[in-house]
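A.B. asks: Next up is a structure, given as structure tokens.
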Amino acid sequence: MCKSNVERTGMKRKHSPYRSGRESNYFKRTKTVRNIETTEDNDTSREDLSVYNIVDEEDEFIKCCVGGVEIDMLIDSGSTYNLIDDATWQLLKFNDAKFTAERHDDSKRFLAYGRVPLKLLTVFDAVLEIKDGLEKISTETTFYVIEGGQQSLLGKITARKLGLLQVGLPSTFGMNINHVKNTKSFPKIKGFQLTLPIDRTVPPVIQPLRRCPIPILGHVKSKLDELLEMIIIERVTKPTSWVSPLVPIMKDNGDIRLCVDMRRANQAIQRLNHPLPVFEDLLPKFSGAKYFTTLDIKQAFHQVELAEESRDITTFITNWGLYRYTRFFCLV
């Protein structure tokens, strides 16, 4: 606390709220700081780095795998370096996280509010990995372990390298400021929507839920979430005329393929007859050919978008409610 010089001068402070302007200015001038404690540091080669972080309920954390161990980190655009609190550091070592080049670094000093220096325990390098839908993004970076830290911080350099942080106007990234493109949407044929030829005279059928075995419920929900994220399916929150049951099919590799039993709905689809070529028709065309190529299109059906009026008939029921397809799909 700052003490005034009133006792030294022998003057007494008046308690009247109607103090004269001259006397008020006098007391303002005589409130001085008598003592300042400083920490001397003669090392001019050390780099001072400010670390300021205020955590509130609106902050969002991101799941990161550091050395193969998943932790929560807060993206901090005000921090240049990646900071790990000591509790998280103990968690990484307990779970045998893979890190290299553990060392001590005296060339940097991290400062908190009030220019209070933080104690740097150790420095290490590790691979940091995040999930972006079905893909994984990883980079090798350096982490600084701080004693008594409250939260692990992901610095702006690493965040920008992973695509988590963008600095600058939207025009610099090729984006319209009023419309941000959904990069997680599954690719589709542009400028085309498929309209299914539906016979409206066929009475719609609402089928009950076909319950899935309990051991695979988690896998089915995960697949539904992936399809939702890629906008291949969408939730149905209003009454619908058609409802078909979901049929999960186990693959040989242990994965699950989600199909829909559309046999009742197929009765309302008007068939289009197209002549399909046979091998005898194609063989004469191969005469004289030297080069042959094959093309495997991933989930080719899902690249064809369904028209709005054709989506109702694709509605299917699950343990978590109703969904319908926004893209063309494979029928059972």
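A.B. asks: What is the local net charge at Phe301, summed over the other residues whose Cβ is closer than 14 Å to its Cβ (Lys, Arg +1; Asp, Glu -1)?
C.D. replies: +2
A.B. asks: Distance from the Cα centre of the range 213-269 to that of the range 58-96, in angstrom?
C.D. replies: Centre-to-centre (Cα) distance: 36 Å.
A.B. asks: Right, next: Using 23 Å as the Cα-Cα cut-off, could you pick out the over-long pairs in Lys63/Lys223; Lys131/Lys161; Lys108/Lys156; Lys156/Lys223; Lys63/Lys221?
C.D. replies: Checking Cα-Cα distances, Lys156/Lys223 exceed 23 Å.
A.B. asks: Quote to one decimal, in nm, the extra length available between Lys290 and Phe61 on full extension: 0.36 nm per residue of separation minus the C-alpha distance between them.
C.D. replies: Fully extending the segment from Lys290 to Phe61 adds 76.8 nm.
A.B. asks: Loop only by DSSP, 11 or fewer other Cβ within 10 Å of the Cβ. Give me the chymotrypsin sites (Phe, Trp or Tyr not before Pro) in the range 258-294 that pass, ordered by residue number.
C.D. replies: Listed in order of number, the matching sites are Tyr291, Phe292.
A.B. asks: Between Arg210 and Lys119, take the C-beta separation as r, use R0 = 56 Å, and let me know the FRET efficiency to the nearest 0.05.
C.D. replies: 0.40
A.B. asks: Another question, if that's okay. Could you state, as a whole-number percent, how many of the C-alpha pairs of the range 178-305 are farther apart than 20 Å?
C.D. replies: Cα-Cα pairs of the range 178-305 separated by over 20 Å account for 66 percent.
A.B. asks: Now a separate question. So between Leu228 and Leu111, what do we pick up on full extension, going 0.36 nm a residue minus the alpha carbon distance?
C.D. replies: This chain segment gains 37.7 nm when fully extended.
Quick note: the coordinates plus some simple rules give every number you see, no bench work behind them. Bear in mind the structure is a predicted one, so any value in this text is a computation, not a measurement. For neighbour counting, all protein chains shown are included, and Cβ atoms are generated from backbone atoms with ideal geometry for every residue, glycine included.
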